[in-house]
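*Asks:* This is the structure I have questions about; it appears just below.
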Amino acid sequence: MIIFDNVWFKYGDGDYILKNINITIKEGEITCILGDNGAGKTTLLKHINGLLKPTEGEVYVDELNTKEASISNLAKKVALVFQYPERMFFTESVWKEVEFALANFGFEEDIRVHQIRKVLNMFWLWEYKDRSPFTLSGGEQRRLAIAIALAWDPKYVVLDEPTAGQDGFQREILIDIIRNMVYREKTIILATHDIEFVFELPECRIIVLNKGEIIYDGSSVELFNNYPELLIEAGLEPPSLSKLIQTLRKEGKYVVFKNYDDAIDKIHNLIRGGECNK
Amino acid sequence: MHLIEVKNLSFKYQGTNKFVLKNISLSVRNGEIVILAGPSGCGKTTLARTLTGLIPQFYKGEYSGNVLVCGYDAAKTPISDLASCIGYLFQNPDNQIIMDTVERDIAFSLEYRGFTREEMRNRITKILKTLGIEHLANRKIDTLSGGEKQLVALAGVLVMEPKMLLLDEVSAYLSPRSLKRLISIIKLLNKEYGTSIMLIDHRLDLFVKVADRVIIMYDGVIYQDGDPQTIFKNLINKKLGINIPTIVKIYERLYLRGIRIDKIPLDHIELADIIN
């Protein structure tokens, strides 16, 4: 469990970047943090692995208080994949890139080999194991960065803007990877302003940040159906299906879309002239 | 006259053994807004580099075919001369901004081209106003946010008054708010100054409403070229790795269920009209 207990944060004498953050994240949950650039998303994520400590309040990762725990102890539990993680590659092969992370945590060679095999296969990267990471495509590099983060089997996986600069294939693969990780009992926390991506992950619990404050914490269905104005307030564009819901309701057709497939069923019915079921 | 004319262009980077561009031909007219889309690694950025002369003048390799930009041969004309025909906005503004303050950065290319002080002043004032960033004129670059830097880099490109603006995957670096602003700037430039725009981006969903034409590249060739309606009709059920707008994806799914709609809706308003 991850707990943010009355967390406030500022750099030096600056303004507060996080204001009164209270969140409890349970194991196995997917949490999506939405907000404009500068809303405090990355600052919040950095509190989870102890890179930043609250100015006031506490952050707990399981039994560890991040103010007291060492970064290496936190890193074993929490993997943080930064925005543009590919900029951090530095070894000459994909294999070595993963191995470096494992060696850092002091894993024995046989375990290292086992884990490298496992994650490279899981992320469709096995065939590239001897290639330089710099020769991979952008999407493959992003996958490698996530594979590295999972290599030491952390319980919590934190992803900052995983879809930035990624094409349609890669976005679909990312959705599969995230679902797969949850299936393997990982807890996922991701920050993004890619609303259409979040709409395709309806199981996400959504937290909307605006200027350092939480203005929404709840289900994605509730947010996209009933509170799109909160997204606008936070400087985000509601997903197009959310806008469709609002347009149809204004025209007297009350619809609720529970997810993407549900939306298609209901639009199908409406076009055929059938009654829309709530 | 065509602003851009590419004929039978092929290119392979030095030290590699795969052609990134394979016999490409295309042309862009004055005043067109074109999206060039395609999955990562399909050759979009390489094509952009040939239009700006960076290929073959800076990036070496095996080059064949012809690229004419405002009538000049892009392979032989100095890159700085081509810049007054095509303004190229890079993916990452940090790679584009070179001076320490906003005004000096925008003045840089004018100074280099030998403009008079008065002309420089006029052009800079005009462009700051067009982009709505007059208040940033004297700011130091390192105090700007990412979105502001992108606008400054854009000002540096537009101050040369290019006939065409080439935007290379700028969506990846911009927040939704900055993106909205960029889209309104694109419309303004196109309408007021007749500037042609080429958007290289796999986020078709973001830009399709402003585009006259969509070009899809796939594995080094032009796979599709036409207006958005035609393109989306041709793309039904093809997995190309392009971000299709959600509303168009809904259309596709309905199509596969046997529902026939004459005109493909491009946004929620058009879909709502169809439903009614």
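Taken together, the values in this text are just the output of simple stated rules run on the coordinates, not laboratory data. This structure is a prediction, so every number in the text was calculated from the model and none was measured. Neighbour counts are summed over all protein chains in view; Cβ atoms, including those assigned to glycine, are modelled from backbone coordinates with ideal geometry.
*Asks:* I need the peptides A:115-126, A:37-48, B:115-126 ranked by packing, meaning the mean over residues of other C-beta atoms within 10 angstrom, with the highest value on top.
*Replies:* Going from most to least packed, we get A:37-48, A:115-126, B:115-126.
*Asks:* Okay, next question. For the range B:78-164, what relative contact order do you get, as a whole percent, if you take Cα pairs closer than 8 Å and at least 6 residues apart?
*Replies:* 52 percent
*Asks:* Here's a follow-up. If you stretched the chain out fully between residue A:232 and residue A:180, how much longer would it get, using 0.36 nm times the residue separation minus the C-alpha to C-alpha distance? Mind dumping the intermediate values first?
*Replies:* On the way: separation 52, 0.36 × 52 = 18.72 nm, distance 3.13 nm.
This chain segment gains 15.6 nm when fully extended.
*Asks:* Which value at 222 nm does the protein assembly as shown reach when only helices count, each DSSP H run of 4 or more adding -39,500 (n - 2.57), with the total divided by all residues and rounded to the nearest 500 deg cm²/dmol?
*Replies:* After summing the helix terms and dividing by the residues of the protein assembly as shown, the value is -11500 deg cm²/dmol.
*Asks:* Non-local amide H neighbours of residue A:210 (under 5 Å, H modeled in plane, Pro and chain starts lacking H): which ones?
*Replies:* Amide H neighbours of residue A:210: A:215.
*Asks:* Sticking with this structure for a sec: If the only charges are +1 at each Lys and Arg Cβ and -1 at each Asp and Glu Cβ, what is the size of the charge dipole of chain A around the Cα centre, to the nearest 20 debye?
*Replies:* Once rounded to the nearest 20, the dipole reads 240 debye.
*Asks:* Compute the FRET efficiency between residue B:221 and residue B:192 as 1/(1 + (r/R0)^6), taking r as their Cβ-Cβ distance and R0 = 35 Å, and round to the nearest 0.05.
*Replies:* 0.50
*Asks:* Along the charge dipole of the range B:10-122, Cβ charges K/R +1 and D/E -1, which of B:54, B:122, B:112 sits furthest on the positive end?
*Replies:* B:54
*Asks:* Over chain A, with a Gaussian network built from C-alpha contacts below 10 Å, which listed residue (A:161, A:172, A:97) shows the highest mean-square fluctuation?
*Replies:* Of A:161, A:172, A:97, the most mobile in the Gaussian network model is A:172.
*Asks:* If you fit an axis through the alpha-carbon atoms of helix A:94-104 and take the longest principal axis of the Cα set of chain A, what angle between them do you get, 0 to 90°, nearest 10?
*Replies:* That helix lies at roughly 70 degrees to the long axis.
*Asks:* Quick check for me: using +1 on Lys/Arg Cβ and -1 on Asp/Glu Cβ, what's the dipole size of the protein assembly as shown about its Cα centre, in debye to the nearest 20?
*Replies:* 1080 debye
*Asks:* With springs only between Cα atoms under 10 Å apart, run a GNM on chain A and tell me which of A:194, A:15, A:176 wobbles the most.
*Replies:* Evaluated over chain A, the most mobile residue of the options is A:15.
*Asks:* To the nearest Å, what is the center-to-center distance of the range B:210-224 and the range A:226-278, using C-alpha atoms only?
*Replies:* Here the two parts' Cα centres lie 31 Å apart.
*Asks:* Hey, which lysines would be in cross-link range of residue B:163, C-alpha to C-alpha under 23 Å, not counting anything within fewer than 8 residues on its own chain?
*Replies:* B:7, B:44, B:76, B:126, B:129, B:149, B:180, B:187, B:191, B:209
*Asks:* Given a Förster radius of 51 Å and the C-beta distance between residue A:127 and residue B:125 as r, what FRET efficiency does 1/(1 + (r/R0)^6) yield to the nearest 0.05?
*Replies:* About 0.35, to the nearest 0.05.
*Asks:* With the cut-off at 1.5 for a/c, could you classify the range A:138-248 from its C-alpha gyration tensor as rounded, prolate or oblate?
*Replies:* It comes out prolate by the Cα gyration axes.
*Asks:* For the range B:107-220, what is the charge dipole size about the Cα centre, in debye to the nearest 20, if Lys and Arg each add +1 at the Cβ and Asp and Glu each add -1 at the Cβ?
*Replies:* Numbers: 18 positive and 14 negative charges, 88 e Å.
It comes to approximately 420 debye.
*Asks:* Based on the alpha-carbon gyration tensor of chain A and its eigenvalue square roots a ≥ b ≥ c, which shape applies: rounded if a/c is under 1.5, prolate if not and a/b is larger than b/c, or oblate?
*Replies:* In terms of gyration-tensor shape, oblate.
*Asks:* If the chain between residue B:237 and residue B:84 were fully stretched, how many nm would it gain, using 0.36 nm times the residue separation less the Cα-Cα distance?
*Replies:* 51.0 nm
*Asks:* What is the mean number of Cβ atoms from other protein chains located within 10 Å of the Cβ atom of each residue in peptide A:161-170, rounded to a whole number?
*Replies:* That works out to 6 on average.
*Asks:* What does the average come to when, for each residue of peptide B:236-247, you count the partner chain Cβ atoms lying within 10 Å of its Cβ?
*Replies:* Other-chain Cβ atoms within 10 Å of each residue's Cβ, averaged: 4.
*Asks:* Sorted by mean Cβ packing within 10 Å, highest first, what order do the peptides B:24-33, B:151-160, B:169-178 take?
*Replies:* On the way: B:24-33: 17.0, B:151-160: 22.9, B:169-178: 20.5.
Going from most to least packed, we get B:151-160, B:169-178, B:24-33.
*Asks:* Evaluate peptide B:250-261: per residue, the Cβ atoms of other protein chains within 10 Å of its Cβ; return the mean as an integer.
*Replies:* 3
*Asks:* Could you tell me which of rounded, prolate or oblate describes chain B, using a ≥ b ≥ c as the square roots of the eigenvalues of the alpha-carbon gyration tensor, with rounded for a/c under 1.5 and, failing that, prolate when a/b is larger than b/c and oblate otherwise?
*Replies:* Here chain B falls in the oblate category.
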